[in-house]
Amino acid sequence: MVRVKGFVQAGHWAETWEWPDDDQYTVPVPFDEGLSPFSLYGAETRGPSMDKRYPQGTVLIFTDAIETHEDVEIGARYIVERERPDGMREATVKTLWRDDAGEMWLLPESNDPRFQEPIPVNGDDDDTIRIVGRVRYAVSRE
């Protein structure tokens with residue numbers, strides 16, 4: 001069982017993306033021996049920024065990037081946090097991509113034209129980009 005503690009939603013800037021304890025819930029996930037040494041975290045998708053892959057309400061189960069010490073993998077999906085200079089944060093999920101010049105980008109997989117612009121991994125507009133964790137499972141609530 002993994003506790004779903006918050007949400008990821010492109011374009012939603014807030015002080016935190018975690019919910020109060022009363023709004024959190026748990027979901028079952030398959031046992032994976034390779035992931036057993038690591039903590040698993042859950043976040044619910046909101047909005048259309050990744051709706052081609054994860055419809056709204058999908059629960060993403062992820063490992064912590066610092067805890068696993070693994071290199072990022074092109075084509076994998078990651079929970080990403082953007083922080084503005086004023087301290088406001090946005091948590092989202094994106095696919096990691098590298099262009100022909102070797103620059104890395106975070107790509108949305110969206111049907112919505114407002115969410116189709118790639119985000120440079122090195123940040124823009126004085127934003128700080130942090131890869132929080134790698135998505136391991138997607139769980140749909142029935």
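Values in this text are rule-based calculations from the coordinates and carry no lab data. Just so you know, these numbers come straight off a predicted model, no measurement behind them. FYI the Cβ positions are ideal-geometry reconstructions off the backbone, even for glycines, and counts take in every protein chain you see.
Please work out the C-alpha center-to-center distance from the range 55-125 to the range 17-37 and express it in whole Å.
Value for the Cα centre distance between the two parts: 20 Å.
When the helix-only estimate is applied to the chain (DSSP H runs of n ≥ 4, each -39,500 (n - 2.57), divided by the residue count), what is the mean residue ellipticity at 222 nm, nearest 500 deg cm²/dmol?
-500 deg cm²/dmol
Sorted from fewest to most neighbouring beta carbons within 10 Å, what does the list H12, H69 look like?
H69, H12
In whole Å and largest first, what semi-axes does the C-alpha gyration tensor of the chain yield when each eigenvalue is scaled by 5 and square-rooted?
Semi-axes from the Cα gyration tensor: 23, 18, 15 Å.
Multiplying the sequence separation of N122 and W105 by 0.36 nm and subtracting their Cα-Cα distance, what value in nm do you get?
Additional length available on full extension: 5.3 nm.
In the chain, if the dipole is taken from +1 on Lys/Arg beta carbons and -1 on Asp/Glu beta carbons about the Cα centre, which of M1, F115, V72 is farthest to the positive end?
Positive-most Cα among the choices belongs to M1.
Each residue of the range 66-83 in turn: what ³J(HN,Hα) in whole Hz from Karplus with 6.51, -1.76, 1.60 and θ = phi - 60°, glycine and Pro shown as x?
Per residue, the Karplus-derived 3J(HN,Hα) values read 6, 5, 7, 6, 8, 5, 5, 10, 4, x, 7, 9, 10, 7, 10, 10, 9, 10 Hz.
About the Cα centre of the range 2-139, what is the dipole size in debye to 20, counting +1 per Lys and Arg Cβ and -1 per Asp and Glu Cβ, all else neutral?
The calculated dipole for the range 2-139 is roughly 440 debye.
Once both labels are modelled 7 Å past Cα along the beta-carbon direction, what's the K52-T16 spacing in nm?
Here the modelled spin labels are 3.4 nm apart.
Relative contact order (percent) for the chain, with alpha-carbon contacts under 8 angstrom and 6 or more residues of separation?
Result for the chain is 28 percent.
Fully extended, how many nm does the chain gain between R130 and W97 (0.36 nm per residue separation, minus their Cα-Cα distance)?
Gain on stretching R130 to W97: 10.4 nm.
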